[in-house]
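J.: Sharing a structure, written as structure tokens. Questions coming.
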Amino acid sequence: MSFLFFPTFANRSAGVTPVTFSFETQESYTPNATSHTFSDVDIGTAAAGRVIVVSSISQAINTIDYGTPAVVIGGVTATEIVKQRGTSPPNDGGMVGLHAAVLATGTTADITIKWNQSSSQFHIGVWNIIGASGVSASGTANTNTEGGGMSLTIPDGGCGIAATVVRGSGTCTWANVTENYDLQVEGVTYTSGGSTTTAGSPSISATWSVDPSYQATVCASWASAG
């Protein structure tokens, strides 16, 4: 299911055409594996220059990182935008990241996530940006502080995306983004993601209702092509 977000006129400079921006879907996979392919994932409306952004999380030992290629979207190796690992002892680490690729055609795609070691509790979120200035983010931020704020500049006509992973439970409350998903992936692995089209430089944070462990949170923004 897609949720469309459009910036208001007050948040748009004269002459700037806002991106067409939507959250598409989220999916989970829980068996232990080094990589997993989510098949026929909804990626939304096709358009020239369309940017697909994928958030990914996992729980594993604290040396976990992405493999090569890390994320493949519809056959295109995605660009790593930002990542963060939670501070933790062995066997409890979490990783969250955002990757993006230009994919002009198709309304569904296979999405592969690869790690450098066996992992568990795979989860992805998917956003569609039409009219962005390119695959590269205009700004990023990351933190391993529980509920910690991140400063992110969101350009006029652009958009921002955020994702978090914790070892804990409860529900997540976001500051300065609209929540798109909030769920238990498996066991004590919980994740949430959100997005916004409000221009400015907000402090973005994710606070869980039950004190979590090893929280990792990332965010990024994309500018309009003009």
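We did not get these values from a lab; they are worked out from the coordinates using the rules stated. Keep in mind that this is a model prediction, so the values were computed, not measured. With ideal geometry, Cβ positions are generated from the backbone for all residues, glycine too; neighbour counts draw on all protein chains shown.
J.: If the only charges are +1 at each Lys and Arg Cβ and -1 at each Asp and Glu Cβ, what is the size of the charge dipole of region 3-222 around the Cα centre, to the nearest 20 debye?
T.: Dipole size: approximately 380 debye.
J.: Using a 7 Å offset from the Cα along the Cα-to-Cβ direction at both Thr68 and Ala175, what is the distance between the two label points in nm, to one decimal?
T.: With each label point 7 Å from Cα toward Cβ, the separation is 3.9 nm.
J.: Still on this structure, I have one more. Of Val126, Ser221, Gly106, whose Cα points farthest to the positive end of the dipole of region 3-222 (charges on the beta-carbon: +1 Lys, Arg; -1 Asp, Glu; origin at the Cα centre)?
T.: Ser221
J.: Right, another one. Which FRET efficiency value, to the nearest 0.05, do you get for Thr108 and Ser151 by plugging their Cβ-Cβ distance into 1/(1 + (r/R0)^6) with R0 = 45 Å?
T.: The formula returns an efficiency of 0.80 here.
J.: Name the residues whose placed amide hydrogens come within less than 5 Å of the amide hydrogen of Ile43, ignoring near sequence neighbours (fewer than 5 apart) on the same chain.
T.: Thr108, Ala109
J.: Calculated from the structure, percent of Cα pairs over 26 Å apart equals which of (1) 29; (2) 34; (3) 37?
T.: The value computed from this structure is option (1).
J.: Hey, can you grab everything whose amide H is under 5 Å from the amide H of Ser119? Only 5+ residues off in sequence or another chain; H modelled, so Pro and N-termini drop out.
T.: Excluding prolines and chain starts, which carry no amide H, the hits are Ala33, Thr34.
J.: Charges at C-beta only: +1 for Lys and Arg, -1 for Asp and Glu. How large is the resulting dipole of region 54-166 about its Cα centre, in Debye rounded to 20? Spell out each step's value before the answer.
T.: Numbers: 3 positive and 6 negative charges, 20 e Å.
About 100 debye.
J.: Quick one: Trp222, Trp208, fewest Cβ neighbours within 10 Å first, how do they rank?
T.: By the 10 Å Cβ count, ascending, the order reads Trp208, Trp222.
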